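Participant: First, the structure itself, so that you have it in front of you.
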Amino acid sequence: MRGAWIRRAVWLGLWGCAGTSPEPSADVSPAVTLDDLVARVDGLRLDPGLVADGAERIGGWAPAEWDGGGFDFSWTAPAGAGWRLPAGLIAGPAVARLRVRAAVSGQTLSVAGAEAVDVPTEWTVVDVPLAELDEELILVAGTPQQVEGDERALGVAVDWVEVFPKGVDGLTARASVLDVGAPSARDSLLAGWGTNEQSGDVSWAWTVGPEATLNIPASGDALDVDLRVRAYRWEGAAEAILEVLVNGDSVASLHPGVAWGTHRVAVPASALRAGDNTIALRPSPIASPAEVGDGKDQRELGVALERAVVTPRYVPRPAAGRWRLQHGVALSLAAPKAGSYRLSATGPLIGRCADQAPLSMPTFTLDEGCRTLEIRANDEVELHGLEWTP
Ligand SMILES: [Ca+2]
């Protein structure tokens, strides 16, 4: 195998906005250009500031730091730092998009062996084309740097890295930030919260009792929710666990520490709905400081939540209106209704519903029991359109 590739799934919703599919008139088989489709790529977002980001970190990463701008980042060691990429395969050229800065001017960065790019001292987003991705994505700074008052030799500071196939214009999505502890966030805290607290620039609210809930608006598409939390710990307390539920579905079990850490919760579309969604935090163990000899506070504290950052998985921008399906990429097609479909494409496709037998391609029929199918190709194939027949 020519190196390891990143698992990617392309999701196509049909006929524009989800939930507003126009009804094709009875006799017409409408041709739908893929330009018209709402599409998403569930790509790889790497974030060294998170407690864990789904890919194994390798090389020299410094401990995560908190930027005054409200996000976590980490410095690479000058000799390099990166990730071993998750199993799952795509082929073809890729793009690494990074948000980085240098300690002092004159720094450069090589990404996965590609030609080095300049890294300024202000946070900057740079795109680095990669001819081919390897099993490891390593960032190597041009020069070891130091800043005053810090004895470490530093490479570059990394906020996040995204990797996506060339031809898809990136995964960068607009995050919405709920700055818990700030008055502006109060309306989003539903039940089970203590009062707003603040120390210096950092503000938070404690969960009080067995469950605390907050509201997040969503489109119904998959999201990442990054929770910056720390656990209430007392002498003899068991390890803290934070169960996270979305609209009643358990979606994650986190292990918050006593120091602030940002934990990513991947929320599948199946747990979400368009409009208001309730996130419940169920911490354990919980205790009141008064009860465990740690002060007079009578509240049963679980975790302190500093912020919740909600990021859609992908903002759709297919390049030139053509979706390129590369070897090993799975494309999920969410059909609005049963019926016969025909995909126009430049090569053969393999399609199946869940664990059923493969469907015939490019013309296939979906019944009510199968409305989401997965499509793969053995070679690079471009998808040009989709027709539906009642
Ligand atoms: Ca806060």
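Participant: Would you mind listing the strands (runs of 3 or more DSSP E) fully within segment 200-255 where at least 1 residues are out of contact with any helix residue (DSSP H, G or I) (no Cβ under 9 Å at 6 or more places or on another chain) and within 16 Å of the ligand (Cβ to nearest atom)?
Facilitator: Passing ranges, in order: 202-208, 212-218, 223-231.
Participant: Would a scan of segment 190-199 turn up a residue that is touching a Lys or Arg at 6+ places or on another chain (Cβ under 9 Å), in the same structural domain as PRO283 (by TED's automatic domain parsing), within 12 Å of the ligand (Cβ to nearest atom) and not in a helix (DSSP H, G or I)?
Facilitator: Yes, some residue in segment 190-199 is touching a Lys or Arg at 6+ places or on another chain (Cβ under 9 Å), in the same structural domain as PRO283 (by TED's automatic domain parsing), within 12 Å of the ligand (Cβ to nearest atom) and not in a helix (DSSP H, G or I).
Participant: What are the residues in segment 177-187 that are surrounded by fewer than 17 Cβ atoms within 10 Å (Cβ to Cβ), assigned to a helix (DSSP H, G or I) and within 12 Å of the ligand (Cβ to nearest atom), if any?
Facilitator: PRO183, SER184, ARG186
Participant: Given the options ARG233, ARG282, name the one that is within 18 Å of VAL180 (Cα to Cα), touching a residue at least 12 places away in the same chain (Cβ under 8 Å) and among the basic types (Lys, Arg).
Facilitator: ARG282
Table: residues versus (1) modelled with pLDDT of 95 or more; (2) within 21 Å of GLU300 (Cα to Cα).
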{"position": "LEU139", "(1), (2)": "yes, no"}
{"position": "GLN146", "(1), (2)": "no, no"}
{"position": "GLU151", "(1), (2)": "no, no"}
{"position": "GLY167", "(1), (2)": "no, no"}
{"position": "SER176", "(1), (2)": "no, no"}
{"position": "LEU190", "(1), (2)": "yes, yes"}
{"position": "ASN196", "(1), (2)": "yes, yes"}
{"position": "TRP204", "(1), (2)": "yes, yes"}
{"position": "LEU214", "(1), (2)": "yes, yes"}
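Participant: Hey, does segment 147-156 have a residue that's within 16 Å of the ligand (Cβ to nearest atom) and not in a loop (DSSP other than H, G, I, E, B)?
Facilitator: No: zero hits.
Participant: Just need a number here: residues in segment 115-170 that are more than 22 Å from the chain's Cα centre (by Cα), buried (at least 21 other Cβ atoms within 10 Å of the Cβ) and over 19 Å from PHE71 (Cβ atoms).
Facilitator: Total meeting the criteria: 3.
Participant: Here is a follow-up. Being more than 16 Å from the ligand (Cβ to nearest atom), under 20 Å from VAL51 (Cα atoms) and not assigned by TED's automatic domain parsing to the domain that holds VAL381: is that true of VAL258 here?
Facilitator: Taking the combined requirement at face value, the residue satisfies it.
Participant: If you don't mind, there's one more thing I want to ask. Check LEU139 against each of (1) within 16 Å of the ligand (Cβ to nearest atom); (2) farther than 23 Å from LEU254 by Cα and name the one condition it does not meet.
Facilitator: Among (1) within 16 Å of the ligand (Cβ to nearest atom); (2) farther than 23 Å from LEU254 by Cα, LEU139 violates only (1).
Participant: Only strands (runs of 3 or more DSSP E) wholly contained in segment 278-340 count here; list those with 1 or more residues that are away from the ligand (no atom under 16 Å from the Cβ) and at pLDDT 95 or above.
Facilitator: Once the strands (runs of 3 or more DSSP E) in segment 278-340 are filtered for at least 1 residues that are away from the ligand (no atom under 16 Å from the Cβ) and at pLDDT 95 or above, what remains is 301-312.
The values are calculated or read from the model by the stated rules, or taken from the named source; none is laboratory data. Bear in mind that the values here come from a model prediction, so they are computed numbers and not experimental data. Quick reminder, even Gly has a Cβ in these numbers, built from the backbone with ideal geometry, and neighbours come from all protein chains shown.
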